[in-house]
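Bear in mind that the values in this text are calculations on the coordinates, not laboratory data. Computed from a prediction, not measured in an experiment: that's the story for all the values here. Cβ coordinates were reconstructed from backbone atoms using ideal geometry, including for glycine residues, and neighbour counts include every protein chain displayed.
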Amino acid sequence: MKFDIITIFPDVFEPYFNESIIKRARAKKLVQIKIYNLRNYTNDRHRTVDDRPYGGGAGMVFMVAPILKAVAALKKKFSGKKLKTKIVLLSAKGKKFDQKMAKKFSKLDNLILISGRYEGVDERVAKYIADEEISIGDYVLTGGELPAMIVVDAVVRLIPGVITEDSLKRESFFKEKYIEHPHYTRPEEIIINGKKRKVPKVLLSGDHKKIEEWRVDS
């Protein structure tokens, strides 16, 4: 199984993945893990990946364009191949990651993980690029790098040959959920899969009351 991780902090992964069970699984060629720097998919000299949120608010938001470009480049590598692939956005407002989900992911050939940062990620990534949006728990982290490591760790151990069947039988788990409003940033309009995807008009209105109501309802 292959894992592709998109992040702006590529150096944080190897120290963890190069230890213990995951290291052995890689050595046995049971899994392949590749890290991709999101800044390599930008078009400006500053390698910008974030911008201010439409509608105002604190923090910065990951732009959709670099992520779209990165995912397209990864998908191009296995175009024509009949692989079971899933694109996952790590997000505080996503569906709670659990053991059932880990088992489902372990049946895939390829798992692409998008690590968020800052205040959030442009909502069009979750809606039109990712297949799923997942969270690892009811708390807020600085970014999606640790969640990506957790997902990889949980999935790798379920791949046949990585650990013994007896070890898997002795484990038990639980579930639940977290909520946050959608985020959007520049550009105002972008084409994804041949269709125009726009920022909701209310966020461009300047009407802070309506913006707040939209965020609560979303």
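As a quick test, which of the pairs K34/K96; K28/K104; K76/K100 have an alpha carbon distance above 26 angstrom in this structure?
K76/K100
For the ranges 28-36, 192-200, 109-117, what's the packing order if you count other beta-carbon atoms within 10 Å of each residue, average per peptide, and put the highest first?
So the peptides 28-36, 192-200, 109-117, ranked by packing, come out 109-117, 28-36, 192-200.
On a 0 to 90 degree scale, rounded to 10, what angle separates helix 145-156 from the longest Cα axis of the chain?
30
Which ³J(HN,Hα) values, rounded to whole Hz and listed in residue order, are derived for region 30-37 from phi using the Karplus coefficients 6.51, -1.76 and 1.60 in 6.51 cos²θ - 1.76 cosθ + 1.60 with θ = phi - 60°, glycine and proline given as x?
Going residue by residue, I get 7, 9, 10, 10, 10, 10, 10, 7 Hz, with x marking Gly and Pro.
Give, rounded to the nearest 20 debye, the magnitude of the charge dipole that the chain has about its Cα centre when Lys and Arg contribute +1 at Cβ and Asp and Glu contribute -1 at Cβ.
Magnitude of the dipole: close to 1140 debye.
Classify region 33-123 as rounded, prolate or oblate from the Cα gyration tensor: take a ≥ b ≥ c as the square roots of its eigenvalues, call it rounded if a/c is under 1.5, otherwise prolate when a/b beats b/c and oblate if not.
oblate
Helix 208-217 against the longest principal axis of the chain: what's the angle in degrees, Cα atoms only, rounded to the nearest 10?
That works out to roughly 30 degrees.
Got a sec to turn the phi values of region 96-113 into Karplus ³J(HN,Hα) couplings, 6.51 cos²θ - 1.76 cosθ + 1.60 with θ = phi - 60°, whole Hz, x for Gly and Pro?
5, 6, 9, 5, 4, 5, 4, 4, 5, 5, 5, 8, 7, 8, 8, 10, 9, 10
Using only the alpha-carbon atoms, how far is helix 64-77 inclined from the longest principal axis of the chain? Give it as 0 to 90 degrees, nearest 10.
40
Which cross-chain or sequence-distant (5 or more) residues have an amide H under 5 Å from the amide H of A130, H modelled 1.01 Å from N in plane?
Amide H neighbours of A130, under 5 Å, 5+ apart: none.
Using the Karplus curve 6.51 cos²θ - 1.76 cosθ + 1.60 with θ = phi - 60°, work out ³J(HN,Hα) for each residue of region 188-195 in order, rounded to whole Hz, and write x for Gly and Pro.
Values, residue by residue: 5, 9, 8, 8, 10, 6, x, 10 Hz.
On a straight-distance basis, which aspartates and glutamates could pair with K23 in a cross-link, Cα separation under 13 angstrom, same-chain partners fewer than 8 positions away excluded?
Partners within reach: E14, D153.
If you average the alpha carbon positions of region 24-51 and of region 100-145, how far apart do those two centres end up, in angstrom?
A separation of 15 Å, based on Cα centres.
Candidates (i) 17.1; (ii) 13.2; (iii) 14.8; which is the computed mean projected area of the Cα convex hull in nm²?
Recomputing mean projected area of the Cα convex hull in nm² here gives the entry labelled (ii).
Restricting the count to DSSP beta bridges whose residues both fall in the chain, what percent are antiparallel, rounded to a multiple of 5?
20
At what distance in nm do the modelled label points of H208 and V12 sit from each other, each positioned 7 Å from its Cα along Cα→Cβ?
3.2
Charges on Cβ only, +1 for Lys and Arg, -1 for Asp and Glu, centred on the Cα centroid of the chain; of A102, G137, Y118, which one is farthest towards the dipole's positive end?
The listed residue farthest towards the positive side: A102.
Pulled fully out, how much extra length does the chain show between K77 and K96, if you take 0.36 nm times their separation in residues and subtract their Cα-Cα distance?
3.9 nm
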